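Working notes, beginning with the structure itself.
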Amino acid sequence: MEPLLVVKDLKKYFPVKKGIFFGERAELRAVDGVSFEIRRGETMGLVGESGCGKSTTARLILRLLEPTAGEVYFGKTAVFTANKEEMRQLRRKLQIVFQDPYSSLDPRMSVEEIVGEGLTIHRLAKGKEKSERVAELLEMVGLGREHLGRYPHEFSGGQRQRIGIARALAVGPELLIADEPVSALDVSIQAQVINLFEDLQKELGLTYLFIAHDLRVVKHISDRVAVMYLGQIVELTESDELYRNPLHPYTQALMSAIPAADPRPKGRRMVLEGDPLSPIHIPSGCRFHPRCPKRFDRCDKEEPVLREVSAGHWVSCHLY
Ligand code: SF4
């Protein structure tokens, strides 16, 4: 099957000031050579600690940021060289649900205005037809017509996220990027919102890029999972395979941090040394080596490349 989204060697470096006095410049390598594909109808999980570059990757795909290098294709359209009309189409077909349901909804707009805005911008409906469509969308996400005239502050976090999802769905997207969509919600609400994403996918045939810092969250919804560390993908495989057989020491550490009530490969908890490193000071060789409990001679000298070590299982580590 043709992939719906292709990301090729994507890079985003931000210039930053290094020293206070001499205006020394440095580069923050937020995304540093990321490549993956998403098949139509699948959910790709993108997971890693905060600051690993996953949200920047999402913003690059949506062209909310211009890349330093690399290519993104949505179907046959090259996103970074798309003309005005192609961009207008892409803005409909690619939608995002943001992490924070509190700051992502304009408090001065009613739910009807928030959800209906895209219908107006893309001239998809107006007047009574628009109100009807908004009401349908609210029902689709588990809210009701009685909510049309209300304002964001009248809703709980979970309900606000449902409004954000309805807004994204209004324009008929094919790919939905969910950027940490449940991290700001209570654990008891998280499962409900994830179930909603799953139901909508079945109903509407959506494709998802589902971003989270917690492997537990992506596990339930993803067909495949890519693990990111310091701007690069270090492991990518089918979700079941990743949980059964995590290969990269970083994935193993993330996995071992999942509470024991969750089914996971048996073994001792692996504790990572140190805090996540800064993308301004990328270590030589394998960028994970200062924290890796399995590092050996070669690791600080030679950078590993992402290789397919068994069918569909990609890992970037000298151990394989
Ligand atoms: Fe650890 Fe070396 Fe593998 Fe990097 S290449 S993850 S340092 S074992």
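The values are calculated or read from the model by the stated rules, or taken from the named source; none is laboratory data. Source: prediction; values computed, not measured. Using ideal geometry, Cβ is built from the backbone for each residue, glycine included, and neighbour counts are taken over all protein chains shown. We work out accessible area using only protein heavy atoms, side chains counted, and drop any ligands, DNA or RNA first. Shrake-Rupley method; radii C 1.70, N 1.55, O 1.52, S 1.80 Å.
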Check: Based on Cβ point charges of +1 for Lys and Arg and -1 for Asp and Glu, what charge dipole magnitude is obtained for region 23-106 about its Cα centre, in debye rounded to the nearest 20?
Finding: 440
Notebook entry, point to check: How do 214-227, 295-308, 108-121 rank on mean C-beta neighbours within 10 Å, highest first?
Noted result: 214-227, 108-121, 295-308
Next item on the list: Excluding Leu230 itself, calculate the net charge of residues whose Cβ lies under 11 Å from the Cβ of Leu230, where each Lys or Arg counts +1 and each Asp or Glu counts -1.
Entry: +1
Check: Ile121: net charge of surrounding residues, Cβ under 10 Å, Lys/Arg +1, Asp/Glu -1, itself excluded?
Finding: +3
Next item on the list: Run the dipole for the chain about the Cα centre, Lys and Arg Cβ at +1, Asp and Glu Cβ at -1, nothing else charged, and hand back the magnitude in debye, nearest 20.
Entry: 440
Check: Rounded, prolate or oblate: which fits region 107-253 when a ≥ b ≥ c are the square roots of the eigenvalues of the alpha-carbon gyration tensor, with rounded for a/c under 1.5 and prolate only if a/b beats b/c?
Finding: prolate
Next item on the list: Would you kindly give the portion of the calculated P(r) for the chain that falls above 37 Å, as a percent of all Cα pairs?
Entry: 20
Check: For region 5-315, what relative contact order do you get, as a whole percent, if you take Cα pairs closer than 8 Å and at least 6 residues apart?
Finding: 21
Check: What accessible surface, in Å², does a 1.4 Å probe find on Leu105, ignoring ligands, DNA and RNA and rounding to the nearest 10?
Finding: 0
Next item on the list: On a C-alpha basis, how far is the centre of region 173-250 from the centre of region 83-104 in Å? Whole number, if you could?
Entry: 19
Next item on the list: Rank Gly142, Val7, Ser110 by how far each Cα sits towards the positive end of the charge dipole of the chain (+1 on Lys, Arg Cβ; -1 on Asp, Glu Cβ) and give me just the farthest.
Entry: Val7
Notebook entry, point to check: Toward the positive end of the charge dipole of the chain, about the Cα centre and with charges on Cβ (Lys, Arg +1; Asp, Glu -1), which of Gln99, Tyr151, Leu65 goes farthest?
Noted result: Leu65
Checklist line | Whichever lysines have a C-alpha closer than 22 Å to that of Lys202, once near sequence neighbours (fewer than 8 apart) are set aside | finding: Lys93, Lys219
Next item on the list: Report, for the chain, the % of DSSP beta bridges that are antiparallel, rounded to 5.
Entry: 60
Margin query: For the full complex of protein chains and a 1.4 angstrom probe, list Tyr208, Tyr243, Tyr13, Tyr73 by accessible area with the highest value first.
Written below: Tyr73, Tyr13, Tyr243, Tyr208
Margin query: Please report the carbon-and-sulfur percent of the accessible area for the chain; probe 1.4 Å, protein heavy atoms only, DNA, RNA and ligands left out.
Written below: 50
Checklist line | Residue pairs, from the table Lys8/Lys54; Lys8/Lys76; Lys12/Lys54, whose Cα atoms sit over 18 Å apart | finding: none
